[in-house]
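The values are calculated or read from the model by the stated rules, or taken from the named source; none is laboratory data. Just so it is clear, the model here is predicted, and its values are computed rather than measured. Here the Cβ positions follow ideal geometry from the backbone for every residue, glycine too, while neighbour counts run over all protein chains shown. Please note that ligands, DNA and RNA were not included when accessible areas were found on the heavy atoms of the full protein model with its side chains. Shrake-Rupley method; radii C 1.70, N 1.55, O 1.52, S 1.80 Å.
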Amino acid sequence: VENRDFILLNKEVWKLLYSWYPGGPILRRRVIGEGQNMRVELYPFCLTVYKVDDFGMPIIDSKLQSPFSRSDTLEEVRSHLRANLGLKYTEEVHLWHRPSLEVDQTLIDSLEGWEMLEGDDPLEDYQVVDGSSILLETRSSRSLPSRDLVDDRQAWPFFHRLRKDFKQKTYKDPQDPNVILEVDDKIDAAAKEEGRRSSVSSECKWYAATVVQVEGSRLLVQFHNRPKPKGAQLESTDLVLEGLTPELIEVGMQYESLDSRGCWHQVRITRRNLDPPDTYEAQLLDENTTWPVVQPGNIRELCALTEEAKKAFKKVFARYANNDIIEGGGLRGLMSCATNEYIPEDSPKVAQLLKEPFGTEAGVKLDGFLEYWRQQIAASGNKLNYWLQQELLRLFQRAGVEMGNEEDQLLAQGREWIERDSTRLAQYRTNTIPSYQDIRDFRDFRIYDKLDCRFGREWKQAEVMEVDWEEMTILVQSRDVNSVASPTTKAQRQWIPMESDRLAEYETKSLESPEHEGDPGPLLARSVSRGGVCPQPGACGLQNLGNTCFINSTLQCLSNSMELRTFFAGTSGEAPLYLDQISASPLSTQGRIAREFSKLLRDMWSNENKSVAPATLKKLIGQKRPEFAGYQQHDAQELLCYLLDALHEDVNRASYPYPTE
């Protein structure tokens, strides 16, 4: 307090007094405010600044400790540092700090939590605290290739170092033997583009992938957007076990016989021929035909479904069966899926299934269902015909069946086991470029993506111009056609980390109501009231706007002072009394603080808000008392004294100038 803690003197008078009473260090303090509200800032920031070398490492010998006013703008800080560190006054510099209170803001040996100070707001608005360490970065003096956009970004060594470190921590490098890969880790993986049965492999193609299982020295990798292997097909050997050549052919028994086209048919031997000798007569069971002469070499025992095929057909049967039987309607649906065409009620395919030996008029049971498909596969010979293969593939796909060995089944799902030390594994987005067909989240950016981006205090609609997965940054350009705060400003371009909270989904922030556009908040955030019913009238919370609990506690006390609340907020059905006493005195705010205080009380006692943000009232107080303009902790008693004095002046009924006696 002036005249108690300090006295303001003319500079020449101070020099004279200091010459009479020397001995102590000069503690520079800044006068803030204006007019009769001038105050000396007794507790400025004392910051430690380190320059960064061309490799992004802090230079310990460049340490500079300097006091800064809490109200110093960022550009004033930069100018001060240029002058004290021997830099050109036009040289571009970047300042970095660690705003999180969860980390030690004095340390510089960690890359955790660093953020660049941007804009030109008061230092306190950036949550810089006393004793913090600041890093000062200039463009690298190392020679770089052609200065395109990416090279220009890499000219900032600390930024480049941060991005490298972030990517290494976010996406593991499989080529690093010290890295432990875990389930859900994202990587790049190369796939051999070849068919299941082909022995000729083409060049590998890289895909984005995810680790789904770790087993010893190998990884099960899920490829993203990898086409199913070409040439994937069913073979008869996958489905049936070929019948053996019988040692003795018996009349009346069923066998399979080969026709001139190489297809096997189920037959019953009706007799042994005498002419020509050692031949047989056979009746075809799938046709009303008799073969008079069948050579013994064209006869074999009945083939059987493999165990894998039985499991597959049982799953298909279970999908269409009801109470262990597939009725006529189910058979139509099954055949419709198999043939990929409409099956009418009088379909011969359905009629065939509803007869012996497969089924009855009531439907088809499992044994008959298996026998039908065994005969169909056997009739195709050693190689399934195209149409039968397609029918089976459609049925198996519908039932969720994967045929083949484990490798084939995994390939059909886009998965593959790869050895941990294989060169087919790489760090995520090292060898792949995101595709617009990829399933992705908001931060899996593509060129020309639209998004909202915060430039300074304002959220603007923007577009992604470049994407650099090497450093995980995007070049964002604002679209200022409908800018509220600066409609004539040229488009802004800036490289921003992909994980930055300055990025939001398109038209989520830029279209917010401008009601709070001018209200600053901690780290430029906005605070709004939250609706709801309070447990009881007046039990309404106040939102913190940073370290502003001293404001909230003061306002809660004033809110529960009944006479004061009645005077400023009024009672039910009656206007507040203060409205008739608004003062025009130059010492007042012409009622602005009184009106906002009244509005805050009415919001708190309306029983329509669970919490209220006192952002506007805080802003008005900060305009008159700059020490309260930031978001750091202050003394609640000092705020209370000023607020009561401001309310008093806003409703002072005495005419100005005030009488002296």
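I want to confirm something. Restricting to the range 96-111 and keeping residues that are under 25 Å from G630 (Cα atoms) and either out of contact with any Phe, Trp or Tyr (no Cβ under 9 Å at 6 or more places or on another chain) or part of a helix (DSSP H, G or I) (or both), which single residue is most open to solvent (accessible area, probe 1.4 Å)? Here the answer is E102. Tell me yes or no: at least one residue of the range 380-397 is touching a strand residue (DSSP E or B) at 6+ places or on another chain (Cβ under 8 Å) and open to solvent by 20 Å² or more (accessible area, probe 1.4 Å). For the range 380-397, residues touching a strand residue (DSSP E or B) at 6+ places or on another chain (Cβ under 8 Å) and open to solvent by 20 Å² or more (accessible area, probe 1.4 Å): absent.
Results for (1) part of a loop (DSSP other than H, G, I, E, B); (2) in contact with a strand residue (DSSP E or B) (Cβ under 6 Å, 6 or more places away or on another chain); (3) closer than 30 Å to S100 by Cα, shown as yes or no for each residue.
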site	(1), (2), (3)
L545	yes, no, yes
R595	no, no, no
Q637	no, no, yes
L640	no, no, yes
D645	no, no, no
E649	no, no, no
N652	yes, no, no
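Residue pairs whose Cβ atoms lie under 6 Å apart, separated by 6 or more positions or on different chains, with the first residue in the range 289-306 and under 12 Å from H265 (Cβ atoms) and the second open to solvent by 50 Å² or more (accessible area, probe 1.4 Å) and of a type in the set (S, T, Y), are R300/T245.
Set side by side, the residues I377, I418, I326 differ, and just one is under 28 Å from C303 (Cβ atoms), at pLDDT 85 or above and out of contact with any Ser or Thr (no Cβ under 8 Å at 6 or more places or on another chain), which is I326.
Restricting attention to the range 228-248, does a residue exist that is farther than 30 Å from Q389 by Cβ, more than 31 Å from the chain's Cα centre (by Cα) and either at pLDDT 85 or above or assigned to a loop (DSSP other than H, G, I, E, B) (or both)? Checked the range 228-248: at least one residue is farther than 30 Å from Q389 by Cβ, more than 31 Å from the chain's Cα centre (by Cα) and either at pLDDT 85 or above or assigned to a loop (DSSP other than H, G, I, E, B) (or both).
Within the range 495-530, the residues that satisfy the criterion of being modelled with pLDDT under 85, in contact with a Lys or Arg (Cβ under 7 Å, 6 or more places away or on another chain) and surrounded by fewer than 18 Cβ atoms within 10 Å (Cβ to Cβ) are H516, D519, R530.
Residues that are at pLDDT 85 or above, under 17 Å from L239 (Cβ atoms), assigned to a strand (DSSP E or B) and in contact with a Lys or Arg (Cβ under 8 Å, 6 or more places away or on another chain) within the range 254-312 comprise E256, A304, L305, listed in sequence order. Scanning the range 325-359 for residues that are open to solvent by 70 Å² or more (accessible area, probe 1.4 Å) and either among the hydroxyl-bearing types (S, T, Y) or under 47 Å from the mean Cα position of the chain (by Cα) (or both) gives N340, E341, Y342. Put simply, of S588, S583, S611 the only residue that is in contact (Cβ under 8 Å) with a residue 24 or more places away in the chain, assigned to a strand (DSSP E or B) and out of contact with any Ser or Thr (no Cβ under 6 Å at 6 or more places or on another chain) is S611. Kindly indicate whether any position in the range 5-22 is modelled with pLDDT of 65 or more and in contact with a strand residue (DSSP E or B) (Cβ under 6 Å, 6 or more places away or on another chain). Checking the range 5-22: at least one residue is modelled with pLDDT of 65 or more and in contact with a strand residue (DSSP E or B) (Cβ under 6 Å, 6 or more places away or on another chain). For the range 319-348, a residue qualifies if it is part of a helix (DSSP H, G or I) and touching a residue at least 40 places away in the same chain (Cβ under 8 Å), and the qualifying residues are R319, L334, C337, A338, T339. Just the residues that are of a type outside the set (A, V, I, L, M), buried (at least 20 other Cβ atoms within 10 Å of the Cβ) and outside any loop (DSSP other than H, G, I, E, B), please, taken from the range 614-625. Correct list: K618 only.
Among the listed residues S598, S588, S606, which satisfies the condition of being surrounded by fewer than 18 Cβ atoms within 10 Å (Cβ to Cβ), polar (S, T, N, Q) and at negative phi? Give the steps one after another, and end with the answer.
On the way: S598 fails: surrounded by fewer than 18 Cβ atoms within 10 Å (Cβ to Cβ); S588 fails: surrounded by fewer than 18 Cβ atoms within 10 Å (Cβ to Cβ).
Step by step, each of S598, S588, S606 is checked, and only S606 is surrounded by fewer than 18 Cβ atoms within 10 Å (Cβ to Cβ), polar (S, T, N, Q) and at negative phi.
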